[in-house]
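Quick notes on the structure that follows.
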Amino acid sequence: MGHPHEHAPRVTLAAALALLALPASAAPSFTGAERAAAARVRADEISGHLRFLADDLLEGRAPGQRGDEIAVRYLAAQMEAAGLEPGLPGQGGAPASWFQSVPLVKLTAQVPPLVEVRGARGALALSTRQSKEMDLVVAPGAEVDRVKLDHAELVFVGYGVTAPEYGWDDYRGADVRGKVVVVLNFNPPFAGEGVRLWYGRWDYKYENAARHGAAGAIIVHTTPSASYPWQVLTASADGTETALPQQPGEARLLAKMWVSEPAARKVFALAGQDLDERARAAQDLRRRGLGAAPLGVGLTLDMAVARAVTPSANVVGLVRGTDPKLAQEYVLYSAHHDHLGRATPIPPATDAIYNGALDNASGCATVLAIARAAAVAPPRRSLLFVFFTAEEKGLLGARWFARHPPAPVGRFAALINLDAVNVFGRTSDLTVLGLGRSSASDVVRDVAAAQGRTVHGDAFPDRGSYYRSDHFELARVGVPDVSVKGGPHYLGRPEDWGREQQKAFEQQRYHQPSDEYPPAPGRWDLSGAVEDAQLQLVVGLRVADAPELPRWKAGDEFEAARREALRAANAPGAVGGRAVTSP
Ligand SMILES: [Zn+2]
């Protein structure tokens, strides 16, 4: 896979002399105050928090469970000890709070073992049994007692994308209300071959199908278009779905489905069509969207759905800014505190606890270290430290926070999110998700240069990582983000060493009970995490002290949301039409 590095320009002697002649203000070094703040971030502090949060005692921190409750209390207690204030204003005379409760709704469907698809040429029975032969993954989507689809018509909608800015609509000319759409994964090459946009994410496909009134959606899995094999989906296919409470008038799918590639071929064959030929037509940029095409076959599904609500919490702390006016604006730091909890181990494995040491005890530990370092000498704007719940359930804590912010989101200057820090040592470079999308990237570039490091974009643009972490939920409401991580080039290591470490982690520990601290076998080197945290701290301080808020670059997909948020923030006492008290 390509690695879009930004190389330093070749410098001639004359140019070098010209650089030397520049005034000192152009030199990208830290100020005295920044150096002092950075020096307060220590590896032993990160290690201590990490050791506690990743302990077996916390039972894998499943949101709303006892172990995660302990983590939540720990985060608040540590912020209090570091001199922060509770970050959520009290309503109606109540005192301010560290905790924002987030209701999680778990839907559990009794999925039938076989789902029938029938057309004029015959019928297919698709297996939903969790096995290698599984054809169809089925999950509920809406808060209903029963899902009943009786020969609901299947409609192929290509990539299922509605993108007015590209003049593109896969739903053109179709009425899919009450029907089941069949959708390809990924997106047409709008931003170049192999670049996944939000339009290329499966969650977008479901949202857009629901907006069009579809009863269900089936995403066609292929390993290249998903960037992971079918087993990843079947392993977690238990007929459950966790979501935020359904809002009045909110469109939801009754059934969210994935079909395996071989089973998808059979369904298309039953309709007298060829999947490959239809997929080719769907990505032809000249067609401006496929337009919906009924397949002439219907799907029958009948399943009961149970609903249970679990309370969980975001944790929020505040470092109040020193400027009376600018203190009403906030730079946010965030990390998700939840992980996968525990499960019955499959022998010979014995460990039942998903400690989530890297994912994301490491991010929480580092944000705590940044908070303590920042609280000693606050900047002009305020700093808000937010620990999100239920990231692993689909960014639900961050989504709730974006919908119920303690201040209008137009007064959030930027969000600096940490999800799995660099634990392999110091690096000469820094990966920046969404590099160049907002002026916050320019601040990152300057601070990295002051550390003697170069910056580059996402090494895996096909994965759509930008849309898979909590900062995305805030970007959607217009908040510019900073999402960075040192690497993959490690000081004193061979060229490919960093990528090998990353790959080994993904294969041996990612979302497994072996994501522990300290890792066994081996050790982590937190010197790189410290250097990244120093960068994140100084970036936040610079944004918090700057005369202007960061801006999205012209034409960015979140620019319009920001404009709307700034307008709403300037209307007195209003957040998207809802009155709130600011801290
Ligand atoms: Zn995770």
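What follows is calculated from the coordinates using simple rules that are stated; it is not laboratory data. Since this is a predicted model, take the numbers as computed values, not measurements. Note that we place each Cβ from the backbone using ideal geometry, even for glycine, and neighbour counts take in every protein chain shown.
Quote the Stokes-Einstein diffusion coefficient, in whole µm² s⁻¹, for the stretch 162-290, based on the Kirkwood radius over alpha carbon pairs, a temperature of 10 °C and a viscosity of 1.306 mPa s. Mind showing how you got there, number by number?
Working: Rh = 15.7 Å.
Estimated diffusion coefficient is 101 µm²/s.
Using helices alone, what [θ] at 222 nm do you get for the chain, with -39,500 (n - 2.57) per DSSP H run of 4 or more residues, divided over all residues and rounded to the nearest 500?
On the way: 16 runs with 162 residues, N = 583.
Using -39500 (n - 2.57) per qualifying helix, the result is -8000 deg cm²/dmol.
Treating only the Cα positions of the stretch 408-465 as identical point scatterers, give the base-10 log of I(q)/I(0) from the Debye formula at each q in 0.28, 0.31 Å⁻¹.
Per q value, in the given order, log10 I(q)/I(0) is -1.34, -1.37.
Return the ratio Rg/(2.2 N^0.38 Å) for the chain, where Rg is computed over Cα atoms only.
On the way: Rg = 24.6 Å, N = 583, 2.2 N^0.38 = 24.7 Å.
Relative to the rule-of-thumb radius for its length, the chain sits at 1.00.
Report, to the nearest 10°, how far helix 559-570 tilts away from the longest principal axis of the Cα atoms in the chain, using its own Cα long axis and a range of 0 to 90°.
60
Using Cα atoms only, what is the angle between the long axis of helix 362-375 and the major principal axis of the chain, expressed in degrees (0 to 90) to the nearest 10?
The answer is roughly 40 degrees.
How far apart, in nm, are two points set 7 Å out from the Cα along the Cα-to-Cβ line at R118 and at Q247?
According to this spin-label approximation, the distance is 4.0 nm.
Tell me the angle of helix 43-53 to the major Cα principal axis of the chain, expressed in degrees between 0 and 90 and rounded to the nearest ten.
On a 0 to 90 degree scale, this one is about 40.
With both bridge residues required to lie in the chain, what share of the DSSP beta bridges run antiparallel, to the nearest 5%? Mind showing how you got there, number by number?
Working: 58 of 89 bridges.
That works out to approximately 65 percent antiparallel.
Positive end of the dipole of the stretch 361-517, charges at C-beta (+1 Lys, Arg; -1 Asp, Glu), about the Cα centre: which of V367, F412, N422 has its Cα farthest in that direction?
F412
Hey, any idea what Rg/Rh is for the stretch 393-503, computing Rh the Kirkwood way over Cα pairs?
Numbers: Rg = 15.1 Å, Rh = 15.1 Å.
So for the stretch 393-503, dividing Rg by the Kirkwood Rh gives 1.00.
If each residue of separation counts as 0.36 nm, what is the full-extension length gain between A235 and A33 once their alpha-carbon separation is subtracted? Could the numbers behind the result be given before it?
Working: separation 202, 0.36 × 202 = 72.72 nm, distance 5.01 nm.
Length difference between fully extended and current span is 67.7 nm.
Over the alpha-carbon set of the stretch 96-254, work out the extent along each principal axis and list the three values in angstrom, largest first.
Principal extents (largest minus smallest coordinate, Cα): 63, 41, 32 Å.
Go ahead and run the numbers for FRET between R172 and V105, Cβ-Cβ distance against an R0 of 30 Å, rounding to 0.05.
Working: r = 34 Å, r/R0 = 1.12.
E between R172 and V105, to the nearest 0.05, is 0.35.
Output the relative contact order of the chain, whole-number percent, from Cα pairs under 8 angstrom with separation of 6+ residues.
Taking the mean separation of contacting Cα pairs over the length of the chain, I get 20 percent.
Using alpha-carbon pairs under 8 Å, 6+ residues apart, how would you state the relative contact order of the stretch 456-583 in percent?
Dividing the mean separation by the residue count of the stretch 456-583 yields 26 percent.
Which lysines does K266 reach when only Cα atoms under 28 Å apart count, and residues fewer than 8 places away in its own chain are ignored?
Filter leaves K132, K148, K179, K205, K256.
Sketch the reach of a paramagnetic label on Q283 as a point 7 Å from Cα along Cα-to-Cβ, and name the residues of the stretch 205-225 whose backbone nitrogen lies under 15 Å away.
Output list for this probe position: 220-225.
May I ask for the distance between the Cα centers of the stretch 205-233 and the stretch 409-442, given as a whole number of Å?
Going from one Cα centre to the other spans 29 Å.
Calculate the FRET efficiency for T454 and E85 from the Cβ-Cβ distance with a Förster distance of 41 Å, rounded to the nearest 0.05. Each step should come with its number before you reach the end.
Working: r = 38 Å, r/R0 = 0.92.
Between T454 and E85 the formula returns 0.65.
What is the gain in length, in nm to one decimal, between A94 and R320 on full extension, counting 0.36 nm per residue of separation less the C-alpha to C-alpha distance? Don't skip to the answer; put the middle values down first.
Working: separation 226, 0.36 × 226 = 81.36 nm, distance 1.93 nm.
Contour length minus Cα-Cα distance gives 79.4 nm.
Suppose we flag GluC sites (Glu not before Pro) only when DSSP calls them loop and at most 13 other Cβ atoms lie within 10 Å. Which is the longest uninterrupted stretch of the chain? Each step should come with its number before you reach the end.
Values: sites that count: E133, E193, E250, E495, E548.
Longest gap between qualifying sites, sites excluded: 251-494.
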